[in-house]
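One structure is given below, encoded as structure tokens.
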Amino acid sequence: MKYVITITLLFLSLNIFAQKPCEYNANVTDSLGTYKSTKEYMMSEKNFAGNSSYIFYSLALTDGLPTLSVQIIQKSKDFLKANCFDKNSKLFLQLNNGKIITLIHIDQENCGTMLRNDKGFDNRVNSGIFMFMKDSFEELKNSPVSIMRIKYLTDTEDYILKKEFKSELTNEIYKPETYFIDNLKCIQ
């Protein structure tokens, strides 16, 4: 009987601590090099008074260079302000341990694309690619992220990252605080 209980507890503990496998959008090696990109993951969702805003992350590894892709989608019947990324844009991540990690935008200006849907909503889609600073991986692997600050060309916005939320858009549960802890292994 003790043997059965021990085996059962062992299997239960393995399931609790088992890591989720990496999910990729792309994983290619060819004559030009290697490219690996994780699936997009929702980090923030805001829905208020007919306005919606979503932020998605995905990690990429291009010929050994790790990057973070950030996609911001805004939807509104009102005017949507253009927040542009440029070579001076940065993404700051404040960790629960008090440290701040800085990611630098690549040298490419992008103000997004405006699309109007058939219901009269304007949709702005903006993407940016940020490079990790040397030695930032260890901190991101070991501490959850509590606040994200995005410095655009002309503005700065702060986002408090939740421990967990259920998306109104996808009806899925996301855990943005531990995104890097759970996913950095996918690009190393």
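The values are calculated or read from the model by the stated rules, or taken from the named source; none is laboratory data. Everything numeric in this text was worked out from a predicted model, so none of it was measured. FYI the Cβ positions are ideal-geometry reconstructions off the backbone, even for glycines, and counts take in every protein chain you see.
From the list Ile106, Ile173, Ile150, Ile129, the lone residue that is within 19 Å of Glu40 (Cβ to Cβ) and loosely packed, with under 13 Cβ neighbours inside 10 Å is Ile173. List every residue pair whose Cβ atoms lie under 6 Å apart, where the two residues are 6 or more positions apart in sequence or sit on different chains, the first residue falls within region 152-176 and is within 18 Å of Val70 (Cα to Cα), and the second residue, located anywhere, is part of a strand (DSSP E or B) and hydroxyl-bearing (Ser, Thr, Tyr). Close Cβ pairs (under 6 Å, with a partner that is part of a strand (DSSP E or B) and hydroxyl-bearing (Ser, Thr, Tyr)) amount to Tyr159/Ser44.
Is it fair to say Gln94 is at negative phi, more than 13 Å from the chain's Cα centre (by Cα) and modelled with pLDDT under 90? No. Does Leu68 count as outside any strand (DSSP E or B), touching a residue at least 40 places away in the same chain (Cβ under 8 Å), closer than 17 Å to Pro176 by Cβ and of a type in the set (A, V, I, L, M, F, W, C)? When the stated conditions are applied, Leu68 does not pass them. Taking every residue in region 114-136 that is touching a residue at least 24 places away in the same chain (Cβ under 8 Å) and pairing it with any residue that is charged (D, E, K, R) and not in a loop (DSSP other than H, G, I, E, B), at least 6 positions away or on another chain, the pairs with Cβ-Cβ distances below 7 Å are Met114/Asp122; Met114/Arg124; Phe121/Lys75; Asp122/Arg116; Asn123/Lys75. Of the candidates Ser167, Ser143, the single residue that is among the small types (Gly, Ala, Ser), touching a strand residue (DSSP E or B) at 6+ places or on another chain (Cβ under 8 Å) and crowded, with 16+ Cβ neighbours inside 10 Å is Ser143. Considering region 79-93, and only residues there that are touching a His at 6+ places or on another chain (Cβ under 7 Å) and not in a loop (DSSP other than H, G, I, E, B), the residue that is farthest from Arg149 (Cα to Cα) turns out to be Phe85.
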